[in-house]
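Trainee: Dumping the structure here so I can ask a few things about it.
The values are calculated or read from the model by the stated rules, or taken from the named source; none is laboratory data. Since this is a predicted model, take the numbers as computed values, not measurements. So basically every Cβ, Gly included, is an ideal-geometry build from the backbone, and we count neighbours across all protein chains shown.
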Amino acid sequence: MSSGAHAPAIRLVNLTLGYDRRPAVHHLDGVIAPGEGLAVCGPNGAGKSTLLRGLAGLLAPLGGAINFVGASRRAAAYLPQVVEIDRGFPINVRDFVAMGALARIGLMSALNGAERARVAAAIETVGLVGFETRTLETLSGGQMQRALFARLIVQDQPIVLLDEPFGAIDEATIDDLLALIARWRAEGRTVVAVLHELDIVRRAFPRTLLLARECIYWGATRDALCQENLIRARAMSEAFNERAGECLRDNDHGAEDQLHVH
């Protein structure tokens, strides 16, 4: 990947996201700085994946805004949860990784020599040399995640969005992918990851957004993941009414939410 020194900041302004006018993330304010490593944590159903889909441009806000300062939303590369990938589709590893180049070359264009070299280098970086002609359905969980990360390498974007990238994979793969994330951040890229593994968050992500439909804490990971905050997040998520109507919170409460960003 090339240098990510010009990664944009992402500014969330009174952001509310949801489905069918029912909010899943309420009135979120904050800034993700260029080159930041931000983990998004919280209980099941806390709105974490919803937020990532909003950042990726797959979900329009119900209210507020997501502003990319210095670039467009197209500057983001998105890795969905592996369960969202149709592994039965007849495509091999090389062609799957090459899909990362589509934004540059277009849907109907063939890969030129430079793009083929980029794909080969990405496959080598993630340790899948020899698997190029294997179909996705034959890969283990760890091998599939490596292929997904190789596709991100080929996309070569300054913002990387990861939705639960470490679920059900082996420790060696986790270590290799964390090393790749560290490399991206050293290049100045911004990495935002939805994670359940709090030990990995504490080990590899300096800042954390603890979410329970609302912002519980946004700041240094050691502070965000203190026991008091984790208990509060769990209690707020359990109390949420799934059948609540459109959120009509006033601006005064929106201002209070900003106090949780450190």
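Trainee: Kindly indicate which of L52, L38, L12, L17 is modelled with pLDDT of 95 or more and outside any strand (DSSP E or B). Spell out how you get there, then give the answer.
Mentor: Details: L38 fails: outside any strand (DSSP E or B); L12 fails: outside any strand (DSSP E or B); L17 fails: outside any strand (DSSP E or B).
That would be L52, the only listed residue that is modelled with pLDDT of 95 or more and outside any strand (DSSP E or B).
Trainee: Are any residues in the stretch 158-182 surrounded by fewer than 21 Cβ atoms within 10 Å (Cβ to Cβ), within 16 Å of the chain's Cα centre (by Cα) and not hydrophobic (A, V, I, L, M, F, W, C), and if so, which ones?
Mentor: E164, G167
Trainee: Something else about it: In contact (Cβ under 8 Å) with a residue 24 or more places away in the chain and either in contact with a helix residue (DSSP H, G or I) (Cβ under 9 Å, 6 or more places away or on another chain) or within 20 Å of L55 (Cβ to Cβ) (or both): which single residue out of R234, R189 fits that description? Even if it seems obvious, please write down each step before you answer.
Mentor: Working: R234 fails: either in contact with a helix residue (DSSP H, G or I) (Cβ under 9 Å, 6 or more places away or on another chain) or within 20 Å of L55 (Cβ to Cβ) (or both).
Being in contact (Cβ under 8 Å) with a residue 24 or more places away in the chain and either in contact with a helix residue (DSSP H, G or I) (Cβ under 9 Å, 6 or more places away or on another chain) or within 20 Å of L55 (Cβ to Cβ) (or both) holds for just one of R234, R189, which is R189.
Trainee: If you don't mind, another one. Collect the residues in the stretch 37-63 that are buried (at least 19 other Cβ atoms within 10 Å of the Cβ), of a type outside the set (A, V, I, L, M) and either over 23 Å from P165 (Cα atoms) or touching a helix residue (DSSP H, G or I) at 6+ places or on another chain (Cβ under 8 Å) (or both), keeping them in residue-number order.
Mentor: Correct list: G37, C41, G42, P43.
Trainee: Taking the options L148, L152, name whichever one is within 30 Å of N14 (Cα to Cα), modelled with pLDDT of 95 or more, aliphatic (A, V, I, L, M) and part of a helix (DSSP H, G or I). Give the derivation first.
Mentor: Details: L148 fails: within 30 Å of N14 (Cα to Cα).
Criteria check complete, one pass: L152.
Trainee: Looking at the stretch 55-81, which of its residues are more than 21 Å from A147 (Cα to Cα) and assigned to a loop (DSSP other than H, G, I, E, B)?
Mentor: G57, L58, L59, A60, P61, L62, G70, A71, S72
Trainee: Starting from residues that are part of a loop (DSSP other than H, G, I, E, B) and of a type in the set (V, I, T), keep the ones in the stretch 92-140 and report whichever is nearest to I181 (Cα to Cα). Quick ask: steps written out before the conclusion?
Mentor: From the stretch 92-140, those part of a loop (DSSP other than H, G, I, E, B) are 106-112, 126-134, 139-140; that's our starting set.
Add one more test, that the residue is of a type in the set (V, I, T), and what stays is 126, 129, 133.
Numbers: V126: 12, V129: 20, T133: 26 Å.
Checked the stretch 92-140; the qualifying residue nearest to I181 (Cα to Cα) is V126.
Trainee: Counting only residues that are out of contact with any Gly (no Cβ under 8 Å at 6 or more places or on another chain) and of a type in the set (D, E, K, R), which one in the stretch 21-60 is nearest to I10 (Cα to Cα)?
Mentor: Taking the candidates together, the pick is E36.
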